[in-house]
Each structure stands twice: as C-alpha cells, then as structure tokens.
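A short reminder: the numbers here are calculations on the coordinates, not readings from a lab. Just so we're clear, the structure is a prediction, and the values are computed from it rather than from any experiment. When we count neighbours, we look across all protein chains shown, and the Cβ atoms used for this are built from the backbone with ideal geometry, even at glycine.
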Amino acid sequence: MKKPPVQIDLHAEAFLYDWQDYTPEELANESLIYMRDMLDAAIYWDMPEIKFVHGKGKGILKKMVYDELMIYKNQRAISHFHPAYHNDDIVVVVIGL
C-alpha cells in the first residue's frame, strides 16, 4: 500500500482520466471510494492527519465525505475531523489521538 500525500483532491478530474464519461452520481461515488482508499492508506501508514479537498459546489460531496468520516469516527478508526481553519472547502482528518 502506497503512502498517500498529506492533502488529497477529491474532485474527479484530479484522479480519473475519463471523468467526463461518468454521471454526477457516479463521480460522487468514485470520489468517496477514492477518499476511503486514501484514508485507509493514511491509517495504515500511521499518519497523524490527512486533508481532503471536497470543494464548494452544491455541497453534495462534502455531505458524503462528512457522513463517511462520521462512520470512521464511530468505529474509532480516526480521532476526529474538522474544516480547515483557512479554507472550509477542505476537511482535516486527525487520525491519531
């Protein structure tokens, strides 16, 4: 498992080469899968935190990301998460206590 960067862009065009071929719902789901993969890798590598850029838009991706992070938090896989202090288009996930 490759160690992820500290900040991950969840916009589909950042990680899918054929993103134009997807529906908006499929893009959101692909972004969520990508976030899970990167978060799982960050947990595996015992990174203290990781940041995800979800952007503004209509807030659909942000809600999906926050809902997923709540599951990770409830399972005690992460400590907590919060919007970045300088940019609320980014969520900071604190992995360790």
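Before moving on, here are some points about what is shown:
- Note on the chain: antiparallel DSSP beta bridges, both residues inside, total approximately 75 percent of the bridges counted.
- The aspartates and glutamates whose alpha-carbon is closer than 20 Å to the alpha-carbon of Lys56, local same-chain residues fewer than 8 away aside, are Asp9, Glu13, Glu25, Glu26, Glu30, Asp67, Glu68, Asp88, Asp89.
- Sequentially through the range 70-81, phi angles give Karplus couplings (6.51, -1.76, 1.60; θ = phi - 60°) of 5, 5, 4, 5, 5, 8, 6, 7, 10, 7, 6, 8 Hz, Gly and Pro residues having no value and appearing as x.
- Taking amide H as placed 1.01 Å from N in the peptide plane, Ile78 has its amide H under 5 Å from the amide H of Lys73, each at least 5 places away in sequence or on another chain.
- Helix-only CD estimate at 222 nm, as mean residue ellipticity for the chain, using -39500 (n - 2.57) per DSSP H run (n ≥ 4): -12500 deg cm²/dmol
- Ranking of Tyr22, Tyr34 by neighbouring Cβ atoms within 10 Å, starting from the fewest: Tyr22, Tyr34.
- Using the Cβ of Ile8 as centre and a radius below 15 Å, the other residues enclosed give a net charge of -3, where K and R count +1 and D and E count -1.
- Given charges at beta-carbon only (K, R positive; D, E negative), |dipole| of the chain in Debye: 440 debye
- Neighbour-count order for Met1, Met70, Met64, Met35, fewest beta carbons within 10 angstrom listed first: Met1, Met70, Met64, Met35
- Residues Leu27, Leu32, sorted so that the one with the fewest Cβ neighbours within 10 Å comes first: Leu32, Leu27
- Amide H to amide H distances under 5 Å link Glu49 with Ile95, where only residues 5 or more positions off or on other chains count and H is placed in the peptide plane.
- Too-long pairs where the Cα-Cα distance tops 24 Å, listed order kept, from Lys3/Lys63; Lys51/Lys73; Lys2/Lys63: Lys3/Lys63; Lys2/Lys63
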